[in-house]
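Student: Quick one: this structure, given as structure tokens, is what I'll be asking you about.
Each reported figure results from applying straightforward, stated rules to the coordinates on display, with no laboratory input. What you see is a predicted model, and the numbers here were worked out from it, not measured in a lab. Quick reminder, even Gly has a Cβ in these numbers, built from the backbone with ideal geometry, and neighbours come from all protein chains shown.
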Amino acid sequence: MILPVVKYGDPVLRKKGVAIEKVTPEIKRLVDDMFETMYNAAGVGLAAQQVGQALQLTVIDVRAVKDRPSRMEIAGKVVDVAEHMPLVLINPKITPFGDPTKGPEGCLSFPEVYADITRPDSVEVEATNAEGKTVRFKAGGLLSRAVQHEVDHLNGILFIDRMTSETKAEIKDEIDALQAETKELLKKKKK
């Protein structure tokens with residue numbers, strides 16, 4: 001089922017996700033719905049907060065992006081990223097490393113807002129997958145950027161928090177308008 005994507009201005013986007021103790025049928029259903037929602041919106045990642053659930057859960061699939069390569073390493077061996085997609089990361093722990101690299105980012109919770117964000121080039125990841133098994137890998141390129149962006153969501157951090165003050169100033173009007181629109185919609189729902 002395609003879920004509504006929460007837009008900037010909704011307080012759930014600022015909530016730190018609660019750890020998931022067990023992969024239940026409800027969690028598996030949420031994972032399936034999140035993938036369907038992400039693919040429908042042509043995204044490469046989606047965090048539970050973006051569908052209104054403050055949980056430590058994100059889904060990622062970078063296969064559709066051909067112009068921004070991804071790298072992946074498992075147990076010290078370089079692997080084909082496509083063979084390990086789509087990814088489900090439950091309770092992820094990450095360790096970013098490598099040189100800071102600037103790259104374009106967008107976010108489904110900020111429609112039509114894009115900016116260059118500087119993040120470490122690579123990341124080590126440990127998480128639980130949808131089968132309840134531990135997964136460990138290193139990622140680079142777009143996959144690293146997507147993992148870091150989504151894990152930020154799980155901690156209530158948004159990509160606008162990572163923007164330079166100059167970039168924020170350039171898109172201030174768009175962001176303010178989006179926030180006002182979202183708050184107005186939330187008010188109407190409460191009535």
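Student: Under 8 Å for C-alpha pairs, at least 6 residues apart: give me the relative contact order for the chain, rounded to a whole percent.
Tutor: 26 percent
Student: For the pairs 7/168; 102/172; 7/191; 66/172, note any where the Cα-Cα span goes beyond 25 Å.
Tutor: Checking Cα-Cα distances, 66/172 exceed 25 Å.
Student: What are the aspartates and glutamates whose alpha-carbon lies under 19 Å from the alpha-carbon of residue 22, with same-chain residues fewer than 8 places away excluded?
Tutor: Cα-Cα hits under 19 Å: 32, 33, 126, 131.
Student: Provide the per-residue ³J(HN,Hα) series for region 95-110, in order, calculated from phi with Karplus coefficients 6.51, -1.76, 1.60 and θ = phi - 60°, each as a whole number of Hz, with x at glycine and proline positions.
Tutor: 10, x, 8, x, 5, x, 10, 8, x, x, 9, x, 7, 4, 7, 10
Student: Something else about it: Using DSSP to call loops (not H, G, I, E or B), can you name the trypsin sites (Lys or Arg not before Pro) in region 117-167 whose Cβ has at most 13 other Cβ atoms within 10 angstrom?
Tutor: 133
Student: With only alpha-carbon atoms counted, please give the Rg and Dmax of the chain, in Å.
Tutor: Using the Cα atoms of the chain, the pair Rg, Dmax is 16.3, 55 Å.
Student: Among 2, 85, 70, whose Cα lies farthest out toward the positive end of the dipole of the chain, if unit charges sit on the beta carbon of Lys, Arg (+1) and Asp, Glu (-1)?
Tutor: It is 2, whose Cα lies furthest towards the positive end.
Student: Quick one: which residues, 5 or more positions from residue 107 or on another chain, have an amide H under 5 Å from its amide H? H modelled 1.01 Å from N in the peptide plane, none for Pro or chain starts.
Tutor: Placed amide hydrogens put 113 under 5 Å from residue 107.
Student: Right, another one. Give me the distance between the Cα centres of region 6-57 and region 125-191, rounded to whole Å.
Tutor: 11 Å
Student: In whole Hz, what ³J(HN,Hα) sequence does region 73-89 give by Karplus (6.51, -1.76, 1.60; θ = phi - 60°), x for Gly and Pro?
Tutor: Rounded to whole hertz, the list is 9, 10, 6, x, 10, 5, 10, 6, 4, 4, 5, 10, 9, x, 9, 10, 10.
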